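Here's the structure we're looking at; comments come further down.
The values are calculated or read from the model by the stated rules, or taken from the named source; none is laboratory data. Remember, it's a predicted structure, so these values are computed and weren't measured experimentally. Quick reminder, even Gly has a Cβ in these numbers, built from the backbone with ideal geometry, and neighbours come from all protein chains shown. Remember, those area values only see protein heavy atoms, side chains included, never the ligands or the DNA or RNA. Shrake-Rupley method; radii C 1.70, N 1.55, O 1.52, S 1.80 Å.
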Amino acid sequence: ALRKGSDLEKAFATAALVYNNYADHENKLRKSEAKSLLQSQFWHFIQGQENKPKYQEIISSLDEDSENKINFEDFMILLVSLTLMSDLLQEMKNVKTTK
């Protein structure tokens, strides 16, 4: 659907598709599933973050009451939060791509 979309549009569309593949019929994820999804699909960004208090806070929130569910908006907030604290993001800031 977004073959002609921008790189940013494609990135967000991909995030939405991955989320939808894991979500239930109500389009929600159990917190434990969200944690598993992040650890399997987002590990380059979270690698090395285990000792950071903010990372521990985010992951702990997914362990608490794991039967509770999150929606796509909450999931995207998790992605953005983890991205902002990532060492990988800092490395990427030094790399420019040209087209």
Q. To the nearest 20 debye, what charge dipole does the chain have about its Cα centre, counting +1 at the Cβ of each Lys and Arg and -1 at the Cβ of each Asp and Glu?
A. 620 debye
Q.
For the chain, what does the accessible surface come to per residue with a 1.4 Å probe? Please give it in Å².
A. 72 Å²
Q | Solvent-accessible area, 1.4 Å probe, carbon plus sulfur percent, for the chain | A | 52 percent
Q) When the C-alpha atoms of the chain are aligned to their principal axes, what extent does each axis show, in angstrom, from largest down? A) 46, 37, 18
Q | Of S36, L82, N94, farthest towards positive along the dipole that unit charges on Lys, Arg, Asp, Glu beta carbons give the chain | A | N94
Q | For the chain, calculated [θ]222 nm from helices alone, where every DSSP H run of n ≥ 4 adds -39500 (n - 2.57) | A | -18500 deg cm²/dmol
Q: Among the listed pairs K28/K54; K28/K52; K4/K69, give every one whose C-alpha distance is greater than 30 Å.
A: K4/K69
